[in-house]
Amino acid sequence: MLCFRHLMKISLLLISWLLVSCASFSPQRASAVVGEWSYADRIQSCRYHFKRDGTFSGEVKVKGKLVSDFTGTWAVQGDYLLYTYIGDKLGRIPVGATDRDKLLNVREDAFWIEAADGSRRRYSRIP
């Protein structure tokens, strides 16, 4: 028979393990996202420039053809990167449109998001 003290130690270890394994992503400060970033796969490429003043600009190319050249405002709120578009030179994104991506991880050289459609992307910092 296990002694009460031994059971308490095991219980505390199990509770600690559960708390660590269930912990969510600790949001990085918005300043970690400031800078220029790019993503590319076989079909599309994206570039973003997040500025300290809360504005951003960017572009999307599909198969090498520019399909969107946009500007807007951004913020980090909890685990989410929020966008509000204020212009698109090609008219693809309406003024006032909003979007949000879940920030999965942020490092100095890269960040990972999960988009609204469930896809995951890695953006690399442009030096």
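Table for the structure above
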item	result
Leading residue by the ranking (farthest from the chain's Cα centre (by Cα)) among those in region 88-121 that are outside any loop (DSSP other than H, G, I, E, B) and exposed (fewer than 13 other Cβ atoms within 10 Å of the Cβ)	THR98
Selection count where residues are assigned to a loop (DSSP other than H, G, I, E, B), under 13 Å from the mean Cα position of the chain (by Cα) and either of a type in the set (A, V, I, L, M) or modelled with pLDDT of 50 or more (or both), scope region 24-42	3
Residue in region 67-87 that is assigned to a loop (DSSP other than H, G, I, E, B) and modelled with pLDDT of 95 or more present	no
Residue within region 73-81 that is surrounded by 15 or more Cβ atoms within 10 Å (Cβ to Cβ), more than 16 Å from TRP112 (Cβ to Cβ) and touching a Lys or Arg at 6+ places or on another chain (Cβ under 8 Å) present	no
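The values are calculated or read from the model by the stated rules, or taken from the named source; none is laboratory data. The structure presented is a predicted model; accordingly, all values stated were derived computationally and were not measured. Virtual Cβ from ideal backbone geometry, glycine too; neighbours counted across all protein chains shown.
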